[in-house]
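Here is the structure we will look at, set down as structure tokens.
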Amino acid sequence: MHDDTAQYDVIILGAGAAGLFCALVAGARGRRVLVLEKANKVGKKILMSGGGRCNFTNYFVEPHNFISTNPHFSKSALSRYTQWDFLAMVERHGIDYEERKHGQLFCKNSAADILAMLLCECEKVDVTIATRCEIRSVESIAPAAEENSVTAQRGTAGAPRGRFRVAWVQGGAGDRRIQHQVCQSLVIATGALSIPTLGGSSLGYELATQFSLPLIERRAGLVPFMFSDGMKSLCERLSGVALEVEVTCNGQSFTENLLFTHRGISGPVILQISSYWYPGDMVSVNLLPALDSAQWLLDSKRVQGSILLRTLLHQHLPKALVAELQTLWWPGDAERRLADFSDQRLREVAGLVSAWHLKPSATEGYRTAEVTLGGVDTAAISSRTMECSAHKGLYFIGEVLDVSGHLGGYNFQWAWSSGYSAAQFV
Ligand SMILES: Cc1cc2nc3c(=O)[nH]c(=O)nc-3n(C[C@H](O)[C@H](O)[C@H](O)COP(=O)(O)OP(=O)(O)OC[C@H]3O[C@@H](n4cnc5c(N)ncnc54)[C@H](O)[C@@H]3O)c2cc1C
């Protein structure tokens, strides 16, 4: 027989961004919190994020920065706990930060500052964190018919009885006895599939399935593109070349840097658009987003007619890229003066430069993706509390849900906001 007397009110699975934040807020409300983490260390993604400087939030957080089957779902949590609230905590801890492009906020020193802040707040409110825990089972022990009744939560001796029983083994090769704990509130904060070496895992989806919650199909987001056609070798040759472009796919556009790599294309603009791309889709790249390219080429023909087209393009594009474009688009006219191009031909070239259609063969997948799109269907979750409508006391927060942010600190803000919301009710 197991002892169902709860030593903890709340068990949180996963000590990442959302789990730690939920723990410290619930602890501050006087809840007794146990966090169970699979890895040997907590917050691994926080430490690796933002190139080691953690882009922890953004000055401009709007619901349209989040992708979800239900675009309204994130609104309540994002307004309950805002970027300003998180920033206030960062400032209270004396963490130096800086604003980069598009309102992105990064640590000046190290991402470790953010993790240290979360752990310090957890310690202040006596959160217990156990690492190297392998979850063996999660059971609902609340009598279904009595789930909402207070008396149903009391054992015969009057001690608080749990709604969930979690079993796990801890540690390495040594003592691996199964441990059990019961709790009133169980929070699933196990993150998503991206980067298995940083804790990417499917436990959250398996638990959702166990509790008959619907899932939205998962795919890699914020991830580089690869090619299998002639673009593959072109990218290899241009590896390391970067430039600002506008990229469009499925009605969504972003303007930022594109980077050619030896596998394909990457850089912030590609990571952003990858979240809107489906296999088989084309992406359109405007190599001269700040110009009306047709007008520029025609005006230049009049005032600099004696130069070559590639010489003109060098004014705005890297030489190595222009050499590749020339081979693709005007090989027979390579040595022709601008004045000898017909206006029609220049308009055609301008059309290609401002809408270079590329068909990625795939993304690099979960191995390098910063997020997982899809996840636990928000239709089954309260947007106010993050609790499952059909299972009292069961909460899902962070990336395991079907909510993914754009690049720019939005994914951490979602972790903080959803963690905070759940912590008010656990
Ligand atoms: C390389 C990289 C850089 C990033 N940079 C940024 C950035 O700068 N800004 C930004 O906003 N977002 C960034 N992100 C995205 C951001 O890290 C995630 O969206 C965020 O960490 C999600 O928080 P989470 O708590 O839901 O999941 P996680 O932070 O992934 O935490 C989940 C935790 O659960 C644990 N876990 C998993 N399975 C189990 C299990 N079976 N049992 C127990 N524990 C388990 C994991 O080990 C992990 O500790 C980055 C992502 C990556 C991969």
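Any read-out appearing in this document is the output of simple, stated calculations on the displayed coordinates, not a laboratory observation. A quick note: this is a predicted structure, and the numbers were derived from the prediction, not measured. Cβ: placed from backbone, ideal geometry, glycine included. Neighbour counts: every protein chain shown.
Residue farthest toward the positive end of the dipole of the chain, with Cβ of Lys/Arg at +1 and Asp/Glu at -1: which of Ser194, Leu115, Ser79? Projecting each Cα onto the dipole axis, the largest value belongs to Leu115. Basic side chains Lys and Arg get +1 at the Cβ, acidic Asp and Glu get -1 at the Cβ, and with that the dipole of the chain about its Cα centre reaches some 500 debye. Remark: the range 235-386 carries a charge dipole of roughly 220 debye about the Cα centre, counting +1 on each Lys and Arg Cβ and -1 on each Asp and Glu Cβ. Measure up Lys108/Lys232; Lys45/Lys124; Lys44/Lys75; Lys38/Lys232; Lys41/Lys101 against 29 Å on the Cα-Cα distance and list the ones that go over. Check vs 29 Å cut-off fails for Lys108/Lys232; Lys38/Lys232; Lys41/Lys101. For the range 179-218, backbone nitrogen atoms closer than 14 Å to the point 7 Å from Ile141 Cα along Cα-to-C-beta are found at 179-186.
Taking a Cβ cut-off of under 9 Å around Val269, the surrounding Lys, Arg, Asp and Glu residues balance to a net charge of -3, with basic ones at +1 and acidic ones at -1. Ordering Gly374, Ser284, Val353 by the projection of their Cα atoms onto the charge dipole of the range 249-400, which places +1 on the Cβ of Lys and Arg and -1 on the Cβ of Asp and Glu, puts Val353 at the extreme positive end.
Around the amide H of Ala362, modelled in the peptide plane, lie the amide H atoms of Met226, all under 5 Å away and 5 or more residues distant in sequence or on another chain.
Taking chymotrypsin sites (Phe, Trp or Tyr not before Pro) in DSSP loop states with no more than 14 other Cβ atoms inside 10 Å as exposed sites, the chain has its longest site-free stretch at 61-426.
Show me the trypsin sites (Lys or Arg not before Pro) within the range 174-241 that DSSP assigns to loop and that have at most 14 other Cβ atoms within 10 Å of their Cβ. Sites meeting the loop and neighbour criteria: Arg176, Arg177. Spread over its residues, the convex hull of the C-alpha atoms of the chain is 151 Å³ per residue. When every Cα-Cα distance of the range 233-297 is counted in 5 angstrom steps from zero, the calculated P(r) takes the values 4, 18, 25, 24, 19, 9, 2 percent. Here is how the number arises for the chain: DSSP H runs of 4 or more residues each give -39500 (n - 2.57), the sum is divided by the residue count, and the result at 222 nm is -8500 deg cm²/dmol. Between the amide H of Glu256 and those of Val245, Val247, distances stay under 5 Å, these residues lying 5 or more places away or on another chain, with hydrogens modeled in the peptide plane. Ranking Gln252, Gln304, Ile273 by how far each Cα lies toward the positive end of the dipole of the range 229-371 (charges on Cβ) leaves Gln304 at the top.
Where q = 0.17, 0.19, 0.24 Å⁻¹, what log10 of I(q)/I(0) comes from the Debye formula for the range 1-61, counting one point per Cα? So the normalised log intensities are -0.70, -0.81, -1.01.
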